[in-house]
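In what follows, a single structure is set out as structure tokens and then discussed.
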Ligand code: NAD
């Protein structure tokens with residue numbers, strides 16, 4: 001099957017080529033992001049392979065359908081960027097990679113917590129400049145602290161295990177509580193209690209209409225003074241303007257982000273010789289207690305290998321109508 005692979009980076013090409021050796025699909029690697037302007041590049045392909053910042057809104061899907069595209073194979077678990085209802089109307093099947101390495105994201109989340117707490121990003125620069133002073137680097141023991149986990153799916157449960165290993169008390173909120181989180185050491189509690197009692201709040205739920213701006217001025221107010229907030233899930237879970245206000249007041253003591261509401265115009269590109277045009281992002285990076293990574297939590301060898309293998313398997317399952325196709329439909333959200 002001919003597959004137009006949008007937003008291709010060299011590492012995507014390497015892992016997809018390797019996973020495709022047996023399957024033998026015709027992969028057309030395209031650097032541009034998928035948008036109304038670039039959708040024409042999919043001409044002649046029955047499938048499109050897309051990543052998190054590709055545009056799969058109604059207009060783009062209509063253009064793809066006009067060109068004969070019948071499958072959108074996402075290289076991601078999240079599918080909040082796809083207009084699933086329109087895809088269904090146009091007869092386009094949407095598939096995703098439901099879980100590729102929950103460890104990758106959970107471990108990165110733990111990395112952000114450790115770096116922020118012990119100010120490793122600042123210490124690294126100081127030592128390189130011959131400054132061995134410790135003032136300003138004071139941290140706290142994670143042991144005995146309360147960590148709040150919002151969303152206890154695959155990544156949330158991995159993260160609970162890591163935090164339990166540090167000796168933290170783990171409080172969790174999920175509208176669908178599960179035994180795996182309890183067995184990993186978490187205690188379920190209502191959202192307000194999780195926010196109110198946690199020293200660290202970590203977001204591991206998907207972006208849905210219900211979770212959009214879950215962290216806003218009101219929910220920040222419910223948190224402990226000096227709380228550490230970590231978002232490795234999706235940018236729009238957090239109202240960035242409200243978080244900036246919280247940081248300015250000292251209500252939020254630490255902020256770790258791997259995702260950002262308006263990341264599509266920034267992340268995955270080298271913009272180091274350009275001026276940043278996003279004033280909100282520019283403000284965020286002025287805070288010494290904010291640590292941002294550019295959507296790299298998934299970026300491990302294991303995860304890339306699994307993403308490529310499942311993506312190719314999804315294409316094969318769709319083409320042959322056999323084997324497991326990880327289909328996403330509008331009712332998945334419900
Ligand atoms: P999952 O589907 O296994 O788990 C999601 C959990 O969130 C489920 O238990 C669900 O019940 C819960 N949930 C749904 N609505 C909720 C709400 N309103 N409040 C609290 N919990 C709610 O998903 P996962 O594999 O654990 O991934 C979680 C999210 O992580 C994904 O949706 C994706 O957005 C994000 N992610 C980020 C990266 C990255 O590189 N930064 C990589 C992969 C996934």
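Looking at 116, 112, which is the one that is within 13 Å of the ligand (Cβ to nearest atom), surrounded by 18 or more Cβ atoms within 10 Å (Cβ to Cβ), within 26 Å of residue 226 (Cβ to Cβ) and modelled with pLDDT of 95 or more?
Just a single option satisfies the conditions, and that option is 112.
Just the residues that are crowded, with 16+ Cβ neighbours inside 10 Å and either within 16 Å of the ligand (Cβ to nearest atom) or modelled with pLDDT under 95 (or both), please, taken from segment 250-265. Reasoning before the result, please.
The first filter runs over segment 250-265 and keeps only residues crowded, with 16+ Cβ neighbours inside 10 Å, leaving 251-261, 263-264.
Across segment 250-265, the qualifying residues are 255, 256, 257, 258, 259, 260, 261, 263, 264.
Which residues, taken from segment 60-109, are out of contact with any strand residue (DSSP E or B) (no Cβ under 6 Å at 6 or more places or on another chain), assigned to a helix (DSSP H, G or I) and within 26 Å of residue 160 (Cβ to Cβ)?
102, 103, 104, 105, 106, 107, 108
For residues that are out of contact with any helix residue (DSSP H, G or I) (no Cβ under 9 Å at 6 or more places or on another chain) and either touching a residue at least 24 places away in the same chain (Cβ under 8 Å) or assigned to a loop (DSSP other than H, G, I, E, B) (or both), scanning just segment 123-133, find the one that is nearest to residue 299 (Cα to Cα).
Top of the filtered list is 129.
Exactly one of (1) within 30 Å of residue 242 (Cα to Cα); (2) surrounded by 14 or more Cβ atoms within 10 Å (Cβ to Cβ) is unmet by residue 314. Its number?
Answer for residue 314: the failing condition is (1).
Taking segment 280-291, which residues are surrounded by fewer than 18 Cβ atoms within 10 Å (Cβ to Cβ) and in contact with a strand residue (DSSP E or B) (Cβ under 8 Å, 6 or more places away or on another chain)? Write out each step before concluding.
From segment 280-291, those surrounded by fewer than 18 Cβ atoms within 10 Å (Cβ to Cβ) are 280, 282-283, 285-289; that's our starting set.
285, 287, 289, listed by residue number.
Each row is one residue, and each column tells you yes or no for (1) under 17 Å from the mean Cα position of the chain (by Cα); (2) closer than 22 Å to residue 155 by Cα; (3) within 14 Å of the ligand (Cβ to nearest atom); (4) in a loop (DSSP other than H, G, I, E, B).
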{"site": "248", "(1), (2), (3), (4)": "no, no, no, no"}
{"site": "271", "(1), (2), (3), (4)": "no, no, no, yes"}
{"site": "274", "(1), (2), (3), (4)": "no, no, no, yes"}
{"site": "277", "(1), (2), (3), (4)": "no, no, no, yes"}
{"site": "280", "(1), (2), (3), (4)": "no, no, no, no"}
{"site": "288", "(1), (2), (3), (4)": "no, no, no, yes"}
{"site": "304", "(1), (2), (3), (4)": "yes, yes, yes, no"}
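So if I check each of 93, 86, which one is closer than 30 Å to residue 312 by Cβ and touching a residue at least 40 places away in the same chain (Cβ under 8 Å)?
Answer to the selection: 93.
Which numbered condition trips up residue 3, out of (1) more than 21 Å from residue 80 (Cβ to Cβ); (2) crowded, with 17+ Cβ neighbours inside 10 Å; (3) under 22 Å from the mean Cα position of the chain (by Cα)?
All conditions pass for residue 3, except number (3).
Evaluate the following for residue 311: is it assigned to a helix (DSSP H, G or I) and within 16 Å of the ligand (Cβ to nearest atom)?
So residue 311 fits the description; yes.
Restricting the search to segment 144-197, which residues are closer than 21 Å to residue 226 by Cα, assigned to a helix (DSSP H, G or I) and either in contact with a strand residue (DSSP E or B) (Cβ under 8 Å, 6 or more places away or on another chain) or within 14 Å of the ligand (Cβ to nearest atom) (or both)?
Within segment 144-197, 163, 191, 192, 193, 194, 195, 197 qualify.
Need pairs with beta-carbon distance below 6 Å; first residue under 12 Å from residue 112 (Cα atoms) and within segment 290-313, second near the ligand (Cβ under 10 Å from one of its atoms) and modelled with pLDDT of 95 or more; sequence gap 6+ or separate chains.
Qualifying pairs under 6 Å: 292/257; 293/258; 297/105; 297/108; 297/232; 297/258.
Here is a check on your reading of the model: is residue 330 in contact with a helix residue (DSSP H, G or I) (Cβ under 6 Å, 6 or more places away or on another chain), at pLDDT 95 or above and farther than 15 Å from residue 22 by Cα? I'd like the intermediate steps shown before the answer.
On the way: in contact with a helix residue (DSSP H, G or I) (Cβ under 6 Å, 6 or more places away or on another chain): yes; at pLDDT 95 or above: no; farther than 15 Å from residue 22 by Cα: yes.
When the stated conditions are applied, residue 330 does not pass them.
The values are calculated or read from the model by the stated rules, or taken from the named source; none is laboratory data. These numbers come from a predicted model, not from an experiment. Virtual Cβ from ideal backbone geometry, glycine too; neighbours counted across all protein chains shown.
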